[in-house]
Amino acid sequence: MSQTATTRFDDVEALAGALFSWCAERSIRLRSQEGVSAAGAVIDLFLSGHQTQDDLLAALNLRDGGEIVFVS
């Protein structure tokens with residue numbers, strides 16, 4: 001597998017892991033309105049520079065605390 005493909009797989013793994021963890025902690029179904037909104041927020045956070053699963057999850061938790069607001 002090429003370096004680019006491996007990097008992209010790692011990125012997807014970080015995004016999915018953060019989303020799954022966040023939803024599991026709150027007993028939220030992925031396909032619910034809140035789960036879909038969280039998925040959009042994870043993507044926004046990733047594009048704004050949060051690259052690891054832990055960093056994404058921490059940023060999502062901050063978003064819940066009202067410190068970060070997304071329109072997604």
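What follows draws every value from the coordinates through simple rules; no lab data is involved. Note that the structure is predicted; figures quoted are calculated from it, not measured. Note: ideal-geometry Cβ built from the backbone for every residue, glycine included; neighbour counts use all protein chains shown.
Here is how the number arises for the chain: DSSP H runs of 4 or more residues each give -39500 (n - 2.57), the sum is divided by the residue count, and the result at 222 nm is -23500 deg cm²/dmol. The HN-Hα couplings worked out from phi for segment 26-43 by the Karplus form 6.51 cos²θ - 1.76 cosθ + 1.60 (θ = phi - 60°) are 10, 6, 10, 6, 4, 8, 6, 4, 5, x, 5, 4, 5, 4, x, 5, 4, 5 Hz, whole numbers, x standing for Gly and Pro. Of the residues L62, L15, S48, the one whose Cα sits farthest towards the positive end of the charge dipole of the chain is L15 (charges of +1 on Lys and Arg Cβ, -1 on Asp and Glu Cβ, taken about the Cα centre). Here the dipole of segment 3-64 is about 240 debye; that uses its Cα centre as origin and unit charges on the Cβ of Lys and Arg (positive) and Asp and Glu (negative). Extension gain, I43-R8: 0.36 nm per intervening residue step, less the Cα-Cα distance, totals 11.2 nm. Here the ratio of the Cα radius of gyration of the chain to 2.2 N^0.38 Å is 1.10.
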